[in-house]
1. Mind listing just one residue for me: the one in the range D:1-17 that is within 12 Å of chain H (Cβ to nearest Cβ) and either in contact with a strand residue (DSSP E or B) (Cβ under 7 Å, 6 or more places away or on another chain) or part of a strand (DSSP E or B) (or both) and, of those, surrounded by the fewest Cβ atoms within 10 Å (Cβ to Cβ)?
2. Going through the range C:68-85 one residue at a time, which ones are small (G, A, S) and over 18 Å from B:V102 (Cα atoms)?
3. Can you pull out every residue in the range D:96-121 that is over 17 Å from the mean Cα position of the chain (by Cα) and not acidic (D, E)?
4. Restricting to the range D:127-157, name every residue that is open to solvent by 70 Å² or more (accessible area, probe 1.4 Å) and in a helix (DSSP H, G or I).
5. Is at least one residue of the range D:112-119 in contact with a Lys or Arg (Cβ under 8 Å, 6 or more places away or on another chain), more than 7 Å from chain A (Cβ to nearest Cβ) and surrounded by fewer than 24 Cβ atoms within 10 Å (Cβ to Cβ)?
6. Filter the range E:158-172 for residues that are in a helix (DSSP H, G or I) and surrounded by fewer than 16 Cβ atoms within 10 Å (Cβ to Cβ) and give the result.
7. For the condition within 25 Å of G:K3 (Cα to Cα) and within 11 Å of chain D (Cβ to nearest Cβ), what is the one hit in G:R170, G:R139, G:R145?
8. Here is a list of conditions, (1) without any contact (Cβ under 8 Å) to a residue 24 or more places away in the chain; (2) facing another protein chain (nearest Cβ under 7 Å), and C:K90 meets all of them except one; can you say which number that is?
There are 8 protein chains.
Amino acid sequence: MAKVAIIMGSDSDLPVMQEAARILEHFGVEYQLTVVSAHRTPKRMFDFAASAHENGFDAIIAGAGGAAHLPGMVASITHLPVIGVPVQSKTMSGLDSLYSIVQMPPGVPVATMAINGARNAGIMAAQILALNNHELSQRVQAYKRNLELEVLNKAEKLESEGFEDYLNNRNF
Amino acid sequence: MAKVAIIMGSDSDLPVMQEAARILEHFGVEYQLTVVSAHRTPKRMFDFAASAHENGFDAIIAGAGGAAHLPGMVASITHLPVIGVPVQSKTMSGLDSLYSIVQMPPGVPVATMAINGARNAGIMAAQILALNNHELSQRVQAYKRNLELEVLNKAEKLESEGFEDYLNNRNF
Amino acid sequence: MAKVAIIMGSDSDLPVMQEAARILEHFGVEYQLTVVSAHRTPKRMFDFAASAHENGFDAIIAGAGGAAHLPGMVASITHLPVIGVPVQSKTMSGLDSLYSIVQMPPGVPVATMAINGARNAGIMAAQILALNNHELSQRVQAYKRNLELEVLNKAEKLESEGFEDYLNNRNF
Amino acid sequence: MAKVAIIMGSDSDLPVMQEAARILEHFGVEYQLTVVSAHRTPKRMFDFAASAHENGFDAIIAGAGGAAHLPGMVASITHLPVIGVPVQSKTMSGLDSLYSIVQMPPGVPVATMAINGARNAGIMAAQILALNNHELSQRVQAYKRNLELEVLNKAEKLESEGFEDYLNNRNF
Amino acid sequence: MAKVAIIMGSDSDLPVMQEAARILEHFGVEYQLTVVSAHRTPKRMFDFAASAHENGFDAIIAGAGGAAHLPGMVASITHLPVIGVPVQSKTMSGLDSLYSIVQMPPGVPVATMAINGARNAGIMAAQILALNNHELSQRVQAYKRNLELEVLNKAEKLESEGFEDYLNNRNF
Amino acid sequence: MAKVAIIMGSDSDLPVMQEAARILEHFGVEYQLTVVSAHRTPKRMFDFAASAHENGFDAIIAGAGGAAHLPGMVASITHLPVIGVPVQSKTMSGLDSLYSIVQMPPGVPVATMAINGARNAGIMAAQILALNNHELSQRVQAYKRNLELEVLNKAEKLESEGFEDYLNNRNF
Amino acid sequence: MAKVAIIMGSDSDLPVMQEAARILEHFGVEYQLTVVSAHRTPKRMFDFAASAHENGFDAIIAGAGGAAHLPGMVASITHLPVIGVPVQSKTMSGLDSLYSIVQMPPGVPVATMAINGARNAGIMAAQILALNNHELSQRVQAYKRNLELEVLNKAEKLESEGFEDYLNNRNF
Amino acid sequence: MAKVAIIMGSDSDLPVMQEAARILEHFGVEYQLTVVSAHRTPKRMFDFAASAHENGFDAIIAGAGGAAHLPGMVASITHLPVIGVPVQSKTMSGLDSLYSIVQMPPGVPVATMAINGARNAGIMAAQILALNNHELSQRVQAYKRNLELEVLNKAEKLESEGFEDYLNNRNF
């Protein structure tokens, strides 16, 4: 049974939001991914949020851009933790998305990620689920160790190759 | 029967939003004023918006601050014109309110006013209703002429008194 | 007889502003579209605004960028509802346009849309005209239902195809 | 045993951060509250974060202002969910705090709250713990229902008193 | 005959704009000061700008706040140099005023001063008039030398008193 | 003898600043154009500004980007009117340039143009020189009338062609 | 002989800039403190910077607000390290000061501190001098240890008193 | 023995940060360049900073983007001068990087450069080392004179060629 819902306000958010799905797959966490628009499908949004708990979800990742109301509205209806992803907008670089998601009033928190931070939304969901899932906790810890190893590996290569060769040998 | 609904996300918005009521009273436009919170009373918000048309409203003025979702969510549910008032917030001076209200996606417009621009929201509602109400149209036009007269009057006093006396005789 | 005027400060705003015309055509609302520059044709602007009512317009959509004075100046001269569209500028991404349009003083409202939000300007004009036009009201409501259906349709496809195929089958 | 740690970069953050403690008390969630400065006590910060899991914490609430590194650094060391509270700063109104906390790189999420949103940090922590604690879940749901009742109550009073009396009878 | 017009959008701008008058008095430059609102007295604004040249003005200082259209609109009508003063606004600290005044399109410049920079507007007007007025040029140069002397004098006092006494002996 | 100096902080500003030269050529105003860097050639800058008056200049146009000190420093040394052009920067879109130029302290004004507003700088210089040059004044007025005619011409074409053909027949 | 110069653009910056002097006194570092205005005393500024090295200074702390050109101009003239302090301005909260100081072009760095960060400017100067002064290095290290002890001490008190008593016993 | 450490939070910062290495090579200053991530390799970061002094470094250049904690965290652990380079980020143009680095609390300064200002970081490091290295001081002074000569040379060419040829003969 899916534990995490990944929803987004528009399918144009999918190139960003897919990262949440990919990292949850990496962690072996079941998820459902779909489009739920606060502004164009308010009823669907309301029903989705109201039934999220009974549908077995433990956390909801919601991404949206511009006047991004989806994460906050879902959080107003469910008592599950909602993780918000501000999707970069065309005209304001995502500042509108960020402010619309993070500046929630007292009583209705949204756990806000960086602009376009969908991968981190998936990791945060996994960290939350891992509190009650030892195996998942091990995977999250392994993931963090791996991040460290990748950097250490790059540092070693950069130091041994020298920065000029390192740059020439890669595309930045 | 009330023609304009004035709603706000919190009673703490009332010192700002009362200006919309006062100017509608000045124009002789019936209104209802109440608190409807998108985040704390989502069901009330849905019901309010869904029934606004059949309840006889022609326009909805919605004020909110911070992650201000009320105007946009109401606009997503009703086909009536929604006029949004970004209420100045404590930590971001209302930029969060403004961006959350104005940056609506294609399909769901909110007629956004200046930060704290509740009086203008009332005037805009009157301008809309006046399209089909000759007497109200006369009142709106008289109001604008009066704005002009007030400025002309002040200009005359300022020119005749001189700016030093003008400043001394008044509190700024 | 045209009911809505669509004006813009420069013909370089046309790629953005044409969306207002297209959606009004979709709704079957008559409109006139032209260039009126507050800064380069102030007399034309003045005459346009002063005669808008007697010329039969019910609403004016005005788009401009940078120090965007056109919507506010037109609103200062006519008592018709003015809908402002901040056009994205080259050097400030439209923040200058937005602030210049939305921050109007008490007495002279402009119903401000999102940056580049010309389609929404057309929808807002239709919503206003629909208050007194049952058929138009039906069309606006149908448009909103259609927005919903499009999202529901995409959601269904996304859920059945899976996000990877959905992404591969489309250009984002 | 305390389940939630509430840490802040300076005791001058306490007037803001106390709200996290108060709401956790309301929910009956055990917490520890102390000062941990990333910049002035980096070793304490490292030790705190590295031992947080074995010390029995399930979530960490970290508040800081200005170049607010505490939440992100703690998140880099522990695999527990970290909830960040940007504390309003004197010279940048908390924009520096917000950007420093929310814009975390892929791999190390911080669940960011609104500027000064300490109460919401406590609620988010409770929502997370409630996933595995039925009684706490009931309390969180009751809290949300109570938020709703308070607004409904205020709305009723505002409607029956009228806005002028409502304003006169209260301090805003 | 007055050479410089000082106009402002509202008499509430007078506490700021009086500084332009005072410095022109210091330079012995004749001026007229009054209120001209682009938004509330558009006709007065048009007439004022259109007749400014024939009325003998050589430069126009225009101050306004919020969606500050006065300087740009006057500049669109007259070919005289227009000096714009963005007046600090309540909700956006004058950023809206600044952007509305400075971001003029090609063809219609406004010589923009700092937010609340009315004294500098007067000095700029004097610098312009001084190009053709040797005595005024001497006064402007003397003013600048005096600025220098004041700083040198303060520097000397600060160095001889020491900063602690210097602070104690004065109100900052 | 050149009446207007056009200086810029770097030759990389030339693509922007050439517009000032071109419009002055159009007006028949003599100018000198060169590079003067406040930061890399401070002595040249000092000497340039100190001798600008005796070298016969009546106005100085100074363009710079980033921490743009050139216009303000030149204004601190000469009593001639200085017109500042904030050149769009790579990392801050010219906001740094704008703030560095416009926010001058009392006593030392810079007549600030829009970001990249070099053409307007040239027009402002011509407007200033035209106060004492009837022929130039005529040219400036003709230029403004021509701006108007161009817009009227475009408006006529747009109205007669219709917006779709108008768009198709041109590159935007 | 003084090793560090502390200069500021106006004596109104002294309440902020005195912190640099106090911390240098704490470290036993000789300093000279005075007013040097880039805009009102450009010659003094030029001479000060040009002779700073031969006058025995090893570092220059320069504070300024608004269009803050002092640090960058001094850095353009001397090869000594210049530490810039953006002083909070009245109308832009110091953003103008910060951008004017930090966004220096390649070739002329200014070591920029936080807005109003004068104490840190003094510490940075001490850190630089300490590279060649063992005793000063010891004092800087002791200062940092003391920062740590103060936080540890506060943390202990906060933990033992509880946050309510801690708040009640102190003024925040 | 290397005197300057150049570290960055990710190898994706290398295209920017290499400029620090290149200018130090130009000055003949030994450096070490590597990747140290505050968020992904916190232990490496701690060890690096704690041993920087005993490893013979005199200054540390640290570049990072987004929630850029590396410079400030290194500065919290070592007493050496830390020079911070805010690397331009994808979603906020580096404003997040700048605020995260520059807004350090009292006690822990970071000498902040412009966004992407890695070359200036290298120059600042050289200026600091030059205080105790006469030959290096000569090289830094020669570098600054050369900057001046380059501008003078370009100015001469621009003046002799005329701006049109100058532009045509070069790529801008």
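The values are calculated or read from the model by the stated rules, or taken from the named source; none is laboratory data. What you see is a predicted model; the values in this text were computed from it and never measured. Every residue, glycine as well, gets a Cβ built from its backbone with ideal geometry; the counts of neighbours run over all protein chains shown. Surface areas here come from the heavy atoms of the whole protein model, side chains and all, with no ligands, DNA or RNA. Shrake-Rupley method; radii C 1.70, N 1.55, O 1.52, S 1.80 Å.
1. In this case the residue turns out to be D:S10.
2. If we filter the range C:68-85 for residues that are small (G, A, S), which is where we start, we get C:68, C:72, C:75-76, C:84.
Answer for the range C:68-85, where residues must be small (G, A, S) and over 18 Å from B:V102 (Cα atoms): C:A75, C:S76.
3. Let us first name the residues in the range D:96-121 that are over 17 Å from the mean Cα position of the chain (by Cα), namely D:96, D:103-108.
Hits for the range D:96-121 are D:Q103, D:M104, D:P105, D:P106, D:G107, D:V108.
4. Step one: filter the range D:127-157 for residues open to solvent by 70 Å² or more (accessible area, probe 1.4 Å), giving D:132, D:134-135, D:138-139, D:145-146, D:149-150, D:153-154, D:156-157.
Passing the criteria: D:H134, D:E135, D:Q138, D:R139, D:R145, D:N146, D:L149, D:E150, D:N153, D:K154, D:E156, D:K157.
5. Start the filter on the range D:112-119 by keeping residues that are in contact with a Lys or Arg (Cβ under 8 Å, 6 or more places away or on another chain), which leaves D:116, D:119.
Among the residues that remain, those that are also more than 7 Å from chain A (Cβ to nearest Cβ) are: D:116.
Next cut, surrounded by fewer than 24 Cβ atoms within 10 Å (Cβ to Cβ) only: D:116.
Taking every residue of the range D:112-119 in turn, at least one turns out to be in contact with a Lys or Arg (Cβ under 8 Å, 6 or more places away or on another chain), more than 7 Å from chain A (Cβ to nearest Cβ) and surrounded by fewer than 24 Cβ atoms within 10 Å (Cβ to Cβ).
6. Looking only at the range E:158-172, we keep the residues that are in a helix (DSSP H, G or I), and these are E:158-161, E:163-168.
Listed by number, the residues that qualify are E:E159, E:S160, E:E161, E:E164, E:D165, E:N168.
7. Working: G:R170 fails: within 25 Å of G:K3 (Cα to Cα); G:R139 fails: within 11 Å of chain D (Cβ to nearest Cβ).
Going through G:R170, G:R139, G:R145 in turn, just one is within 25 Å of G:K3 (Cα to Cα) and within 11 Å of chain D (Cβ to nearest Cβ): G:R145.
8. (2)
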